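Undergrad: Got a structure for you, written out below as structure tokens; questions coming shortly.
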Amino acid sequence: MKNIRQWIPWWVRIAAKIVLARLPFPYSFWKRLRLFEHGHMDQPEKALAGFIEHARTAGLLNEDSSIPQLSTNSDFAVLELGPGDALFTAPIGRSLNASKIWLVDAGAFAKIDMQIYTELFNYLRRKGFSLPIKNDPNCITDLLKECRCEYLTDGVYSLASIPMNSVDYCFSNAVLEHVPRQHFTLMINELFRIIKPNGICVHRIDLRDHLGGGLNHLRFSESIWEEKLFTSSGFYTNRIRYKEMLNIFSEAGFTYTLPRVLCWDSLPIKRSSINVVFSQLSDDDLLVSVFDVVLKKRS
């Protein structure tokens, strides 16, 4: 199906998703067809590899032993933005010695069928990780309790319930580009509020359109792109570009480093096709497709 999808024009994808998003089927139905998905972190090996990769980028892993652990004292809090289809960060974080975990999303998208979590427990044990839970939980509520985890599903507004200076480590994987544009600055300001003075954030941000991996989303005016017809149809990204996003981080009070920046060799779209709001941007800005950013509070 993937090979078929890559040949579907971007404009056909928009039309199809606008129609399909309005049919009376639950998210689980579309997930099975791989038409609407909140990432792929419901696969144990990908979830563990992603957590370790970002924690390693943050410089937080103590890897002196065969099993990595978060370099931490007994009070170390983790926040994941956008856990998506599974709450795997809860048991993974606890197995790496996190003492408190928050998972924040824009809705209750996570699966509650305990079979996938049992598969994760077994995978972690095969890898040599020790799960600090008494027994395999029988329901998602027990799982969250055992892992000292809170699952908050009101998007940026959920962050208001997290105390100031309480998070040691925050991470996200291809999530920030989906935060509604009007909420983005608020979210970054809230992250600055809740991150501890010596805390750290690692975010992987995908600036490509979600219509085929180009820049076709820059064809539209702001008034059209931010209409509910588009924002509620499964392909929305906030279109905040690379340099603008870095400026928002800086204005909130963060310093940043960029351990990974991927760029196209040439623009994947004609400049004449780009809306005037974006056509004035430099090639250096528009050519960035994906980047990792590490944020720390400015001294």
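The values are calculated or read from the model by the stated rules, or taken from the named source; none is laboratory data. Just so it is clear, the structure is predicted and the values come from calculations on it, not from any experiment. Cβ coordinates were reconstructed from backbone atoms using ideal geometry, including for glycine residues, and neighbour counts include every protein chain displayed. Surface areas here come from the heavy atoms of the whole protein model, side chains and all, with no ligands, DNA or RNA. Shrake-Rupley method; radii C 1.70, N 1.55, O 1.52, S 1.80 Å.
Undergrad: Tell me, which residue of the range 79-105 that is under 20 Å from the mean Cα position of the chain (by Cα) and open to solvent by 10 Å² or more (accessible area, probe 1.4 Å) is farthest from Asn198 (Cα to Cα)?
TA: The selected residue is Asp105.
Undergrad: Shifting gears a bit: So in the range 262-299, with the set limited to residues that are among the β-branched types (Val, Ile, Thr) and under 22 Å from Arg181 (Cα atoms), which one is farthest from the chain's Cα centre (by Cα)?
TA: Restricting to residues being among the β-branched types (Val, Ile, Thr) and under 22 Å from Arg181 (Cα atoms), the top hit is Val276.
Undergrad: Do you know which residues across the range 218-247 are open to solvent by 50 Å² or more (accessible area, probe 1.4 Å), under 20 Å from Val293 (Cβ atoms) and in contact with a helix residue (DSSP H, G or I) (Cβ under 9 Å, 6 or more places away or on another chain)?
TA: Of everything in the range 218-247, those that are open to solvent by 50 Å² or more (accessible area, probe 1.4 Å), under 20 Å from Val293 (Cβ atoms) and in contact with a helix residue (DSSP H, G or I) (Cβ under 9 Å, 6 or more places away or on another chain) turn out to be Lys243, Glu244.
Undergrad: Can you give me the ranges of the helices (runs of 4 or more DSSP H) entirely in the range 1-78 with at least 1 residues that are open to solvent by 80 Å² or more (accessible area, probe 1.4 Å) and at pLDDT 70 or above? Can you show your working first?
TA: Numbers: elements: 2-5, 10-20, 27-33, 44-57.
Answer list for the range 1-78: 10-20, 44-57.
Undergrad: Turning to a different aspect of this structure: Collect the residues in the range 131-145 that are open to solvent by 10 Å² or more (accessible area, probe 1.4 Å) and in contact (Cβ under 8 Å) with a residue 40 or more places away in the chain, keeping them in residue-number order.
TA: Within the range 131-145, Leu131, Ile133, Ile140, Leu144 qualify.
Undergrad: Related question: Checking the condition among the aliphatic types (A, V, I, L, M), without any contact (Cβ under 8 Å) to a residue 60 or more places away in the chain, assigned to a loop (DSSP other than H, G, I, E, B) and surrounded by fewer than 17 Cβ atoms within 10 Å (Cβ to Cβ), which residue from Ala160, Ala108 passes? Write out each step before concluding.
TA: Values: Ala160 fails: assigned to a loop (DSSP other than H, G, I, E, B).
That would be Ala108, the only listed residue that is among the aliphatic types (A, V, I, L, M), without any contact (Cβ under 8 Å) to a residue 60 or more places away in the chain, assigned to a loop (DSSP other than H, G, I, E, B) and surrounded by fewer than 17 Cβ atoms within 10 Å (Cβ to Cβ).
Undergrad: Hey, any hits in the range 139-157 for a residue that's of a type in the set (A, V, I, L, M), modelled with pLDDT of 95 or more, within 30 Å of Leu262 (Cα to Cα) and within 19 Å of the chain's Cα centre (by Cα)?
TA: yes
Undergrad: Filter the range 272-299 down to the residues that are more than 19 Å from Ala174 (Cβ to Cβ) and hydroxyl-bearing (Ser, Thr, Tyr), then identify the one that is most open to solvent (accessible area, probe 1.4 Å).
TA: The selected residue is Ser299.
Undergrad: Now a separate question. When you look at Asp136, is it within 22 Å of Arg193 (Cβ to Cβ) and not in a helix (DSSP H, G or I), yes or no? Talk me through it step by step, then tell me what you get.
TA: On the way: within 22 Å of Arg193 (Cβ to Cβ): no; not in a helix (DSSP H, G or I): yes.
For Asp136, the condition - within 22 Å of Arg193 (Cβ to Cβ) and not in a helix (DSSP H, G or I) - is not met.
Undergrad: Output the helices (runs of 4 or more DSSP H) that fall wholly within the range 218-299 and possess 2 or more residues being aromatic (Phe, Trp, Tyr) and touching a residue at least 24 places away in the same chain (Cβ under 8 Å), or say none.
TA: 242-252
Undergrad: In the range 197-234, which residues are within 15 Å of the chain's Cα centre (by Cα) and hydrophobic (A, V, I, L, M, F, W, C)?
TA: Answer for the range 197-234, where residues must be within 15 Å of the chain's Cα centre (by Cα) and hydrophobic (A, V, I, L, M, F, W, C): Cys201, Val202, Ile205, Leu207.
Undergrad: Moving on. Given the conditions (1) touching a helix residue (DSSP H, G or I) at 6+ places or on another chain (Cβ under 9 Å); (2) closer than 25 Å to Pro83 by Cβ; (3) surrounded by 20 or more Cβ atoms within 10 Å (Cβ to Cβ), report the number of the one that Leu215 does not fulfil.
TA: The failed condition is (2).
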